[in-house]
1. If a residue must be under 29 Å from TYR188 (Cα atoms) and at pLDDT below 90, how many such residues does the stretch 226-241 contain?
2. Among the numbered criteria (1) at pLDDT below 75; (2) surrounded by 15 or more Cβ atoms within 10 Å (Cβ to Cβ); (3) part of a helix (DSSP H, G or I), which single criterion is violated by TYR46?
3. For the stretch 60-101, name all the residues that are over 16 Å from ARG146 (Cα atoms) and open to solvent by less than 10 Å² (accessible area, probe 1.4 Å).
4. Sort out which residues of the stretch 261-273 are in contact (Cβ under 8 Å) with a residue 60 or more places away in the chain and either farther than 15 Å from TYR188 by Cβ or surrounded by fewer than 13 Cβ atoms within 10 Å (Cβ to Cβ) (or both), and write them in order of number.
5. I need the full set of residues from the stretch 208-248 which are open to solvent by 80 Å² or more (accessible area, probe 1.4 Å), closer than 30 Å to ILE135 by Cα and not in a helix (DSSP H, G or I), in order please.
6. Of all residues in the stretch 66-107, how many are touching a helix residue (DSSP H, G or I) at 6+ places or on another chain (Cβ under 7 Å) and not in a strand (DSSP E or B)?
7. Among the strands (runs of 3 or more DSSP E) lying completely within the stretch 118-207, list those that include at least 3 residues that are touching a helix residue (DSSP H, G or I) at 6+ places or on another chain (Cβ under 8 Å) and either open to solvent by less than 50 Å² (accessible area, probe 1.4 Å) or at pLDDT 95 or above (or both).
Amino acid sequence: MKNQTLMISPGNISMKTLTLIFFLQYPSDYLSLFLAENGSSGDLSYFPTPLHITIAMNRMLEGDDDKSLTDLVYEPCVGTGAMVLPSKSLNVVASDLSHLMVRAAAIQAFLYKPSMLYVPRPVIGLHADPKELRINKYFELEVDSRIYCGDSLLGEFTCPKNIFLEGSEFVDVFFHPLDLEKHEIYFYEEELSKPWQSLSFEMQKRIVAAMAREIQPDRTMTNPPFNAKIPKHEKEHMNEIIKRNQAFVEERKSRERLSMFQQIEEDIEQKMELITTDYKGVSKEQLMFAF
């Protein structure tokens, strides 16, 4: 029983005891219910998907397949985590624009899905192997947490390097960013043109880790805020990215292009087209999601 008790001492207030036993005995999306009734308003208003629906969605998608344990699952508008908490996967990546929601998702992940906060090394099939230099199904190798705060349309986020360390440094995390210059694998374009065995082992490890960050999600599960609109400053930022990407690709036309780079650029072009295209029956200002 003691292992399920959390001691809280807020400031000068006397020590309080909060038992977690009932949260663990009766799991649910508790913070979602609380924030839906008492949360923020405006563009980031919160309308959660009921937990029984997200449980059904995960069961239908996963079935009895053990492969689901290592599937890379992405939730770009995580809220408090209801969409992915029921998932079998040990390889979930989630994000949200709201700092409040990221914190709430982290709390519920701590209770019900700790692999979203820290994936232990012994889990097979989730990491770029530092000895054999094999790329396994895993995205980010620089931070512990898999819950990021930032703009999913841009693929640019921030996250504490060590979520369990008070005052941890916050670092940038890029999950398939629209800005081609922020794909780390391009940093090693020159090295990739050389014979692999001519590279130092340390360089090979860095390249393999960068390649691992290009792994695409097996599933994207979300209930995005379709009522939201793209702010003017974000539209201007996207237009700047489009221009930079065009110049970035043009500058490389004279080089021998690896298929990996061609695939990245084609994926980004398709996403940009989805985001910027007007669709019949959809407001020009309406936020379109492309993951």
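1. 3
2. Only one criterion is unmet by TYR46, namely (3).
3. SER68
4. Answer for the stretch 261-273, where residues must be in contact (Cβ under 8 Å) with a residue 60 or more places away in the chain and either farther than 15 Å from TYR188 by Cβ or surrounded by fewer than 13 Cβ atoms within 10 Å (Cβ to Cβ) (or both): GLU265, ASP267, ILE268, LYS271, MET272.
5. GLN216, the sole residue that qualifies.
6. 17
7. Answer list for the stretch 118-207: 147-151.
The values are calculated or read from the model by the stated rules, or taken from the named source; none is laboratory data. What you are looking at is a predicted structure, and each value in this text was computed from that prediction instead of being measured. FYI the Cβ positions are ideal-geometry reconstructions off the backbone, even for glycines, and counts take in every protein chain you see. The accessibility values were calculated without ligands, DNA or RNA, using every heavy atom of the protein model including side chains. Shrake-Rupley method; radii C 1.70, N 1.55, O 1.52, S 1.80 Å.
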